[in-house]
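Computed from the coordinates by the stated procedures, all read-outs in this text should not be read as laboratory data. No experiment lies behind these values; they were computed from the predicted model shown. Positions of Cβ are backbone-derived with ideal geometry, glycine not excepted, and every protein chain shown enters the neighbour counts.
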Amino acid sequence: MNTAKEQYRIHAEPFYQPQADEVELYEAAYAACLPVMIKGPTGCGKSRFVEYMAWKLGKPLISVACNEDMTASDLVGRYLLDANGTRWLDGPLTTAARIGAICYLDEIVEARQDTTVVIHPLTDHRRTLPLDKKGELVEAHPDFQLVISYNPGYQSLMKDLKQSTKQRFAAFEFDYAPADLEVGIIAKETGSDEAIAAKLVKIGEAARNLKGHGLDEGISTRLLVYAAMLIKGGIAPRSACRMALVRPITDDADIRDTLDHAIDSVFE
Ligand SMILES: Nc1ncnc2c1ncn2[C@@H]1O[C@H](COP(=O)(O)OP(=O)(O)O)[C@@H](O)[C@H]1O
Ligand SMILES: [Mg+2]
């Protein structure tokens, strides 16, 4: 067994609650060798979905959190100096292309555009990755797939993907799950009872309605899960919600008071 492949394999089934037909659509995209883009707000289940799909398809998953300091070499690889001279070290994208992994570039817009273009030859019919410094052309393994995610909410003109990048992907548009499903996600993820989960979802909805009215982003499913975990750990619901749901997302005193008030009315 290929050890690199084993290293990146997902052994236990991740819990993923589908919202619609995204699982079947993803399988179809994978079967057609199409690269996939997943758009959506933070903490709505994008990464969990990719983990689940990698598990379901039985493929290794290599995830990379992108940032603006990332260079093409961080993805592709570089020569390292060691006692015996120089040694080439594959980057995560190259490793994924060689072993046939799903390569997940999280928050791709954070990367600079000169970094982003290295994925181009992997995302069209060529399915190759030129390692210019090494003078090697890597042919992607048939199982290799590229998946990128980004949060269109944060997007500015400076931070957007070029059309020439966008138009290489089939895309999913994710959002927070509808209330009944989100209650189930929180309950299943934390072992909380549904009554508590339903109250948290109510607070989440109140905050999401403030998006664009003082909040850049509503309360994510991730934060609702945090609150449920704190409550399960014995913290009083009002304190748990203040700490997990409100303080992280706003510095504005008015918004904070509005949300604290919503918490008090839900957890009377
Ligand atoms: N559909 C879902 N199924 C299961 N868990 C979910 C789902 N959506 C959100 N979650 C929960 O929310 C958390 C954040 O989701 P994640 O996938 O990390 O978000 P992001 O969209 O930022 O990648 C997960 O750890 C999980 O607890
Ligand atoms: Mg993520």
Restricting attention to segment 72-106, the residues that are closer than 14 Å to Asp132 by Cα and among the β-branched types (Val, Ile, Thr) number exactly 2
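In this structure, does Lys188 turn out to be over 17 Å from Asp260 (Cα atoms), out of contact with any strand residue (DSSP E or B) (no Cβ under 9 Å at 6 or more places or on another chain), away from ligand 2 (no atom under 16 Å from the Cβ) and in contact (Cβ under 8 Å) with a residue 60 or more places away in the chain?
Considered against the rule, which asks whether it is over 17 Å from Asp260 (Cα atoms), out of contact with any strand residue (DSSP E or B) (no Cβ under 9 Å at 6 or more places or on another chain), away from ligand 2 (no atom under 16 Å from the Cβ) and in contact (Cβ under 8 Å) with a residue 60 or more places away in the chain, Lys188 comes out as yes.
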Quick one: what pairs do we get from segment 1-30, first residue under 15 Å from Arg98 (Cα atoms), second surrounded by fewer than 16 Cβ atoms within 10 Å (Cβ to Cβ), C-beta under 9 Å, 6+ apart or different chains?
Arg9/Gly58
Scan segment 52-72 for residues that are under 14 Å from Ala12 (Cα atoms), outside any loop (DSSP other than H, G, I, E, B) and not aliphatic (A, V, I, L, M) and report the count.
3
So, of the residues in segment 48-92 that are surrounded by fewer than 19 Cβ atoms within 10 Å (Cβ to Cβ) and hydroxyl-bearing (Ser, Thr, Tyr), which turns out to be nearest to ligand 1 (Cβ to nearest atom)?
Thr71
Checking Phe172 against (1) assigned to a strand (DSSP E or B); (2) under 30 Å from Trp88 (Cα atoms), only one condition comes out false. Which one?
(2)
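Go through Arg168, Arg208 for me and flag whichever is of a type in the set (Lys, Arg) and in contact with a Ser or Thr (Cβ under 7 Å, 6 or more places away or on another chain). Break it down into steps so the answer makes sense when it comes.
Working: Arg208 fails: in contact with a Ser or Thr (Cβ under 7 Å, 6 or more places away or on another chain).
Among Arg168, Arg208, only Arg168 is of a type in the set (Lys, Arg) and in contact with a Ser or Thr (Cβ under 7 Å, 6 or more places away or on another chain).
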Those residues that are in contact with a helix residue (DSSP H, G or I) (Cβ under 8 Å, 6 or more places away or on another chain) and in a helix (DSSP H, G or I), I need them from segment 15-51; list them, please.
Glu22, Val23, Tyr26, Glu27, Tyr30, Phe49
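With the condition kept exactly as written, say whether any residue in segment 225-233 is within 14 Å of Gln17 (Cβ to Cβ), surrounded by 15 or more Cβ atoms within 10 Å (Cβ to Cβ) and either free of Cβ contacts under 8 Å to residues at least 12 places away in the same chain or in contact with a Ser or Thr (Cβ under 9 Å, 6 or more places away or on another chain) (or both).
As a first pass, look at segment 225-233 and keep what is within 14 Å of Gln17 (Cβ to Cβ): 225.
Filter once more, keeping what is surrounded by 15 or more Cβ atoms within 10 Å (Cβ to Cβ): 225.
Narrowing further to those that are either free of Cβ contacts under 8 Å to residues at least 12 places away in the same chain or in contact with a Ser or Thr (Cβ under 9 Å, 6 or more places away or on another chain) (or both): 225.
Yes, the conditions are met somewhere in segment 225-233.
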When only residues in segment 105-137 that are under 24 Å from Phe49 (Cα atoms) and surrounded by fewer than 16 Cβ atoms within 10 Å (Cβ to Cβ) count, which is nearest to ligand 2 (Cβ to nearest atom)?
His120
Here the residues within segment 122-169 that are under 16 Å from the mean Cα position of the chain (by Cα) and of a type in the set (A, V, I, L, M) are Leu146, Val147, Ile148
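Condition check: touching a strand residue (DSSP E or B) at 6+ places or on another chain (Cβ under 6 Å) and either closer than 27 Å to Gln17 by Cα or crowded, with 19+ Cβ neighbours inside 10 Å (or both). Does Gly218 satisfy that? Full working, then the answer.
Details: touching a strand residue (DSSP E or B) at 6+ places or on another chain (Cβ under 6 Å): yes; either closer than 27 Å to Gln17 by Cα or crowded, with 19+ Cβ neighbours inside 10 Å (or both): yes.
For Gly218, the condition - touching a strand residue (DSSP E or B) at 6+ places or on another chain (Cβ under 6 Å) and either closer than 27 Å to Gln17 by Cα or crowded, with 19+ Cβ neighbours inside 10 Å (or both) - is met.
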Meets criteria (touching a Pro at 6+ places or on another chain (Cβ under 8 Å), among the hydrophobic types (A, V, I, L, M, F, W, C) and either touching a residue at least 40 places away in the same chain (Cβ under 8 Å) or not in a strand (DSSP E or B) (or both)) for Leu75:
yes
Cβ contacts < 6 Å: first residue free of Cβ contacts under 8 Å to residues at least 60 places away in the same chain, restricted to segment 41-53; second residue near ligand 2 (Cβ under 9 Å from one of its atoms) and not basic (Lys, Arg), any location; separation 6+ or different chain. Result?
none
